[in-house]
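Below: the structure, in structure tokens.
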Amino acid sequence: MIETAGRPALVLASASPRRVDLLHQIGIAPGRIDPADIDETPLRDELPQVLAGRLAEQKARAVAERHPGNFVLAADTVVACGRRALPKAEDESTARKCLALLSGRRHRVLGGLCLIGPDGRIGRRLVTTTVTFKRLLPAEIESYLASGEWHGKAGGYAIQGRAARFVRALSGSYSNVVGLPLFETGSLLDGLGWRD
């Protein structure tokens, strides 16, 4: 673990390269990356915003147990269409269904954040970004599926890649849609006393 002058390190509870890149963008390098391995299945009748917050906190708590005395940052991204949380697309069929559902509609990207400090204090944020897709032609959906970018992505798309051409409008944090709301992340770290 990388530590500076005996100060607590920042542990990122995620294996997402996007989240690491986003942290680097604002000059933050995690001392360690230790993904949480939790069950991400939504609870019965669980609203998308509750799901995002719950999963972020569960990830943070699971990893904090392995790294006492350090800062642990966890995040979860949920794509919601109405009251429905869309799955992470692990197969082409799921991605196709997600894209068809999002076509020509507005949806929300909910970013749950949880930071646990070395003293056990917990900071939480829920960030909502509204994204509007243009109406997608069947050929556009098939072309995007062929790119493979959708794999493992909430809602079946990655806004930082080819799907950017589908976005007609966006209101809120762009980095939240990529995977980590940077303004709120920085505020949480400052609030709990983390220093690079």
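Looking across 148, 152, 156, one residue alone is over 27 Å from residue 117 (Cβ atoms) and at pLDDT below 95. It is 152. Going residue by residue through region 81-88, is there one that turns out to be in a strand (DSSP E or B), of a type outside the set (A, V, I, L, M, F, W, C), touching a strand residue (DSSP E or B) at 6+ places or on another chain (Cβ under 8 Å) and crowded, with 21+ Cβ neighbours inside 10 Å? Taking every residue of region 81-88 in turn, none turns out to be in a strand (DSSP E or B), of a type outside the set (A, V, I, L, M, F, W, C), touching a strand residue (DSSP E or B) at 6+ places or on another chain (Cβ under 8 Å) and crowded, with 21+ Cβ neighbours inside 10 Å.
When residues of region 13-63 are filtered for being surrounded by fewer than 17 Cβ atoms within 10 Å (Cβ to Cβ) and of a type in the set (Lys, Arg), how many remain? Looking only at that region, the number is 2.
Looking at this structure, is residue 131 buried (at least 24 other Cβ atoms within 10 Å of the Cβ), within 17 Å of residue 53 (Cα to Cα) and either in contact with a Phe, Trp or Tyr (Cβ under 6 Å, 6 or more places away or on another chain) or not small (Gly, Ala, Ser) (or both)? It is false that residue 131 is buried (at least 24 other Cβ atoms within 10 Å of the Cβ), within 17 Å of residue 53 (Cα to Cα) and either in contact with a Phe, Trp or Tyr (Cβ under 6 Å, 6 or more places away or on another chain) or not small (Gly, Ala, Ser) (or both).
Pick from region 149-196 the residues that are in contact (Cβ under 8 Å) with a residue 60 or more places away in the chain and of a type in the set (Asp, Glu): which of them is farthest from residue 71 (Cα to Cα)? Per the stated criteria, the residue is 184. Only one entry in 152, 111 is buried (at least 21 other Cβ atoms within 10 Å of the Cβ), under 26 Å from residue 58 (Cβ atoms) and not β-branched (Val, Ile, Thr), namely 111.
Out of the residues in region 90-108 that are small (Gly, Ala, Ser) and surrounded by fewer than 23 Cβ atoms within 10 Å (Cβ to Cβ), state the one that is nearest to residue 136 (Cα to Cα). Show your work before the answer.
Here is the first cut: in region 90-108, the ones small (Gly, Ala, Ser) are 93, 95, 100, 103-104.
Of the ones still in play, those that are also surrounded by fewer than 23 Cβ atoms within 10 Å (Cβ to Cβ) are 93, 100, 103-104.
On the way: 93: 16, 100: 8, 103: 5, 104: 7 Å.
So, considering only residues that are small (Gly, Ala, Ser) and surrounded by fewer than 23 Cβ atoms within 10 Å (Cβ to Cβ), the one nearest to residue 136 (Cα to Cα) is 103.
Quick grid of which residues meet (1) closer than 13 Å to residue 107 by Cα; (2) basic (Lys, Arg); (3) surrounded by fewer than 15 Cβ atoms within 10 Å (Cβ to Cβ):
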site	(1), (2), (3)
121	no, yes, yes
137	no, no, yes
145	no, no, no
174	no, no, no
188	no, no, no
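Restricted to helices (runs of 4 or more DSSP H) entirely inside region 97-196, those with at least 2 residues that are within 28 Å of residue 41 (Cα to Cα) and in contact with a helix residue (DSSP H, G or I) (Cβ under 7 Å, 6 or more places away or on another chain) are 138-147, 174-178. Can you pull out the residues in region 37-62 that are closer than 18 Å to residue 180 by Cα and touching a Leu at 6+ places or on another chain (Cβ under 9 Å)? Once the filter is applied, which keeps residues that are closer than 18 Å to residue 180 by Cα and touching a Leu at 6+ places or on another chain (Cβ under 9 Å), region 37-62 yields 40, 48, 49, 50, 51, 52, 53, 54, 56, 60. Of all residue pairs spaced 6 or more apart or on separate chains, those with beta-carbon atoms under 7 Å, a first member in region 16-44 that is closer than 21 Å to residue 151 by Cα and a second member that is in a loop (DSSP other than H, G, I, E, B) and open to solvent by 60 Å² or more (accessible area, probe 1.4 Å) are 35/15.
The values are calculated or read from the model by the stated rules, or taken from the named source; none is laboratory data. Small disclaimer: the values here were computed from a predicted structure and weren't measured. Cβ coordinates were reconstructed from backbone atoms using ideal geometry, including for glycine residues, and neighbour counts include every protein chain displayed. Calculation scope for accessible area: heavy atoms of the full protein, side chains included, ligands and nucleic acids excluded. Shrake-Rupley method; radii C 1.70, N 1.55, O 1.52, S 1.80 Å.
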